[in-house]
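What follows is a single structure, written as structure tokens, with notes after it.
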Amino acid sequence: MYTVGTAGHVDHGKSTLVKALTGIDPDRLPEEKEREMTIDLGFAHLTLPNGQHVSIVDVPGHERFIKNMLAGVGGIDLALLVIAADEGVMPQTREHLAILDLLQVQHGLVALTKRDLVEPDWLALVSDEIAETLQGTALENAQILPVSSTSGEGLQELTRAMAELLSQVPERRDLDQPRLPVDRVFTLAGFGTVVTGTLIDGSLRLGEEVEILPQRKRSRVRGLQTHNRKVELAPPGGRTAVNLAGLTLEDVRRGNVVARPGQLKPTRAVDVKLRLIPEALRGLENNDEVDLFAGAAEALARVTLLEGKQLRPGEHGWVRLRLQEPLPLAKGDKFIVRLPSPSATIGGGEVVDTAPRLHHRFRAQTLAWLQSLEAGSPEQILLQTMPGDQPIERTLALKRSGLSPDQAEESLRTLIDSDQALELDSHLISASAWSALTIRLERDLHDYHHRFPLRPGMPKEELKSRLGLPLKLFNAALGEWARAGRIAERGALVAAAGFQLKLAPDTQRKLDRALELMRQKPYSPPAETELGLNPEELALLLGRGTLTRVSDNVLFDSAAYQRMLDGTVEHVSKQGKITLAEFRDLWDTSRKYAQAFLEHLDERKITRRVGDERVLGPAARRSA
Ligand SMILES: Nc1nc2c(ncn2[C@@H]2O[C@H](COP(=O)(O)OP(=O)(O)OP(=O)(O)O)[C@@H](O)[C@H]2O)c(=O)[nH]1
Ligand SMILES: [Mg+2]
């Protein structure tokens, strides 16, 4: 799946060419038809002579709508730079070309439109001018093809050239990490909210759960289309429309990203390699404000120069961008920066670190780190596959790294040995993600102990769901934390290391008094409501095993309970049976206690009821 994007000055014939090629008018807004000018992105699709299906994104040329152009140009494989033969190279020809160059769009063609309006001599002159303009840009070697959308002349040559060029474009990488930068949101009657964009880095599947970033709204892929056809699976590279279950128009907007839950973390700071174009209106200094465009998103950002005091037009350097709002960026994302006012494109580059350490006191270290990140040592490449705060499956991480199996294993060893990553039950987690998870653990335990000071620990089940880990991983993590001395495990409970139940003297006195009451009449003890304990205090005594519950409203002191259990089993062993009345007499208690206790023994299968009598049950031997 490939996506072609138009580019070029206003009125040079981009939309007319798209319509001539595809039969689809990309200008869909009434206002666009009225003004005969593209305002927002338009979309069409085409089957090339070689059978290849391509999507087309048509952008506006007018300077005022440059932001819409930037939202559409992000995911394209091939640029169709449209230049009208009668006007030649104009300001937005240059600006769009600079943008394509900064975004490193490697493949392109020049459609020299309106050839029907000029003489052959003029055509040759304009072609020369264009070739000169392309010098030194990513489109330096682009073919220049004269066409006329009105007469149809040259259109066949153009589609043939597109097919040939696309056959050289490598397949879109599939990292199994689908990202859809949303460039359009609309509702369809009976379907709800639909978003469109150019899908990158993975496939989306019908029915799968997704997350809308940066707002982290969950949804599900309720419908999926490419080229106006329903599909079960949308592969990377193509224009994709996703019907999002349960979302309204307010929940998602242009610039958002649809991804798998937990896959991407919005960030407020990125370290980038930034290049300023020679024609930039001015250079950049620390704290300057720029408009950042990446994917279909736009955000204000402040500049911190990581080397030198200024970056001049034509120069490049390492820069930290602090974003006014978080964006879900990934390493390798290309971006454009513009001056907010006067509004102008000044440069662009590539995201290198999406989680920079915020205090770079040691600038030399930061720069060394960025350089190695950019160069991509195998260890760093592997580490990049472990983003977010959730562990990732070992095999998946190794696969996503794109390293050879041997190289990946070796790099993983290095990462683990140098404490940069951790292996947990065949999952991997980076050291920074692990410490984030540990901080969450400690906060959760601390909160729990604070809320329930009389409980010896938090139920593991509750902690597991708070941390959102599957069972096996959770157990592996607990083992790791226990070894590191951060937690103490107490059966089904976990406590923070060093947590001690400390009872206030008042509480201790209350507990002592309640136990005394219980022990005064061990076999006919008071009901729990008569003990003067609150639920937490009662739970403490039950949890410690001081009291034992036999029914909803009957409790015994545990020592008395054990005596009754042993005595009753002994009685039944000798006599072969016990009745309610015999039990009552044996323990000098009332019918209420006798019934509760015997039913409890039935439940534990220590006794078995036969008519009005109990005989020994299958569990009697074990309890004796
Ligand atoms: N004679 C002639 N006219 C053309 C040709 N291509 C486009 N036009 C005319 O040029 C005008 C502008 O064409 P559009 O396709 O709207 O230009 P555009 O590049 O999409 O403009 P924006 O989207 O606003 O940037 C229209 O009136 C078209 O009919 C061509 O090949 N020959
Ligand atoms: Mg147009």
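The values are calculated or read from the model by the stated rules, or taken from the named source; none is laboratory data. Computed from a prediction, not measured in an experiment: that's the story for all the values here. Positions of Cβ are generated from backbone atoms using ideal geometry, with glycine treated the same way; all protein chains shown enter the neighbour counts. Accessible surface areas use protein heavy atoms only, side chains included; no ligands, DNA or RNA. Shrake-Rupley method; radii C 1.70, N 1.55, O 1.52, S 1.80 Å.
Search segment 126-164 for residues being among the hydrophobic types (A, V, I, L, M, F, W, C) and touching a Gly at 6+ places or on another chain (Cβ under 8 Å), and hand back the single one that is farthest from residue 83 (Cα to Cα).
Selected residue: 138.
How many of the residues making up segment 586-624 are hydroxyl-bearing (Ser, Thr, Tyr) and either closer than 15 Å to residue 575 by Cβ or touching a Gly at 6+ places or on another chain (Cβ under 8 Å) (or both)?
1
Do you know which residues across segment 477-507 are open to solvent by 70 Å² or more (accessible area, probe 1.4 Å), without any contact (Cβ under 8 Å) to a residue 24 or more places away in the chain and under 14 Å from residue 544 (Cβ atoms)?
Within segment 477-507, 500 is the sole residue that qualifies.
Go over the candidates 263, 310 one by one and state the one that is in contact with a Gly (Cβ under 8 Å, 6 or more places away or on another chain), open to solvent by 10 Å² or more (accessible area, probe 1.4 Å) and closer than 30 Å to residue 209 by Cβ.
It is 263.
Have a look at 398, 367, 412 and point out the one that is in contact with a helix residue (DSSP H, G or I) (Cβ under 8 Å, 6 or more places away or on another chain), aliphatic (A, V, I, L, M) and open to solvent by 20 Å² or more (accessible area, probe 1.4 Å).
Answer to the check: 398.
Pull out all pairs, ordered by first then second residue, where Cβ-Cβ is under 6 Å, the residues are six or more apart or on different chains, the first lies in segment 398-419 and is within 22 Å of residue 435 (Cα to Cα), and the second is open to solvent by less than 100 Å² (accessible area, probe 1.4 Å) and part of a helix (DSSP H, G or I).
Sorted first by the residue in segment 398-419, then by its partner, the pairs are 398/408; 411/378; 411/379; 411/382; 414/379; 415/379; 419/431.
What's the number of the condition residue 76 fails, among (1) more than 9 Å from ligand 2 (Cβ to nearest atom); (2) at pLDDT 95 or above; (3) surrounded by 24 or more Cβ atoms within 10 Å (Cβ to Cβ)?
(2)
Among (1) more than 16 Å from ligand 1 (Cβ to nearest atom); (2) of a type in the set (Asp, Glu); (3) without any contact (Cβ under 8 Å) to a residue 12 or more places away in the chain, where does residue 129 come up short?
Unmet condition: (3).
List the number of the failed condition for residue 191; all other conditions in (1) at pLDDT 95 or above; (2) touching a strand residue (DSSP E or B) at 6+ places or on another chain (Cβ under 8 Å); (3) open to solvent by 60 Å² or more (accessible area, probe 1.4 Å) hold.
Every condition holds for residue 191 apart from (1).
Do we have any residue at all in segment 426-437 that's out of contact with any Cys (no Cβ under 9 Å at 6 or more places or on another chain), modelled with pLDDT under 80 and loosely packed, with under 14 Cβ neighbours inside 10 Å?
Among the residues of segment 426-437, not one is out of contact with any Cys (no Cβ under 9 Å at 6 or more places or on another chain), modelled with pLDDT under 80 and loosely packed, with under 14 Cβ neighbours inside 10 Å, which makes the answer no.
Filter segment 232-252 down to the residues that are on the phi < 0 side of the Ramachandran plot, part of a loop (DSSP other than H, G, I, E, B) and at pLDDT below 95 and list them by number.
235, 236, 238, 245, 247, 248
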